[in-house]
Structure formats: C-alpha cells, structure tokens
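Peer 1: What follows is a single structure, and I will ask about it in a moment.
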Amino acid sequence: LELDLIVNLGITTPKRFLVEKATATWCGYCPAGDLGVDTCYAQYPDQIVAVSHHTGDALDANTDYPSFYKVSGIPTSWLDRSGSSFNSEPKIYPTSLPGEVGARVSTTTSPVDIRLFNQFDPITREVTGVAIADFVDYAIGDLRIVVMVVEDGIVASQSNFFAGEAGHPFGNSP
C-alpha cells in the first residue's frame, strides 16, 4: 500500500509576480514602461520581480526573445509570462501593470515559497546559486522554476519622446 498525503495547515505564502518588459534604448515611448514597473514596486515592494528584455540595441542579450514572445511592438510587458507564445492572455501595456497586479495581489497566494541564495566570485566571474522550494499547499499542473541571471544598474542613453511635455513624469528628462 502506497499513500501520498498532503495536508494544508493553513499556511500560505504571498505570490510574487514576474513582470517582464520588452524595451529598447532607441524607443522613445519606452520610458513610459518604467512608470508602470516603478508604480508596482512602490505599491507592492515585496511581491514584484521585474526584468527588462532589450531588443535591437546594444543591451540586447537574446536575439530569440522577440520571436519567442511574438513581440510586435514596444514597449510591452507580460505578467507571470501571460501573453507569451504558450499563453493566449493578451500582452499588457506597461502603464497598465499597477491595475493588473492590484487586481490579483490581494486574492492570489502561492502554493510554494521559493528562496534563492546566490554568490558571485569577482575573480572567476562565476555565479553559483541554490533554489529551495517549500511547498505549503497542494500544487497541480506544469510547475517550473525559471532562473534568470540579470545585471542591475546598467546605464545607457535612452530616447525620450516625452521630453519637454509639461506634466509628464519624464517631461524634464532629455
């Protein structure tokens, strides 16, 4: 006799939302995408993980990204990989992200708590990491852990079609 028993002890963990944004330094409308992501961070600082994917510029790290996600225009974004080629939910214009996250954040918990530990060796330039998944509730379906190595704090010249536009948050930026 083999028995699998899963017991939920009333433990839940907050859901963290993955926000992926398609952008480019040459795109004059792309600074507006930062507004949506920044607003999400301000409202839900512990529940947002954001990644910017550049296309067609010097920061473009993966030339397959636009075709895989069927990017037809930028800026655009996805919440938890929705709108990708494996999900029919529409892509989200980045300034709509706060409303999309807000509609889900209070009602969505995660069946798994994921903790990441990493270390960077500046001499060998190697990154090592460990992902620990603690299941706190029953989970069903195709479950995956995706690990991305990202670089933070990159500074590049950005086109800005909002420059000089009175009242716009980026109106005073070049």
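Peer 1: With all protein chains present, calculate the accessible area of residue 29 using a 1.4 Å probe and round the result to the nearest 10 Å².
Peer 2: Its heavy atoms expose roughly 120 Å² to the probe.
Peer 1: Ignoring everything but the protein chains, give the 1.4 Å probe accessible area of residue 100 in square angstrom, nearest 10.
Peer 2: 70 Å²
Peer 1: To the nearest 10 square angstrom, what accessible area does residue 53 show with a 1.4 Å probe?
Peer 2: My reading of the accessible area for residue 53 is about 40 Å².
Peer 1: What ranking of 78, 26 comes out by heavy-atom accessible area, probe 1.4 Å, highest first?
Peer 2: On the way: 78 0, 26 135 Å².
I get 26, 78, largest accessible area first.
The values are calculated or read from the model by the stated rules, or taken from the named source; none is laboratory data. All values reported here derive from a predicted model rather than from experimental measurement. Just so you know, the surface numbers come from the protein's heavy atoms only, side chains and all, with ligands and any DNA or RNA stripped out. Shrake-Rupley method; radii C 1.70, N 1.55, O 1.52, S 1.80 Å.
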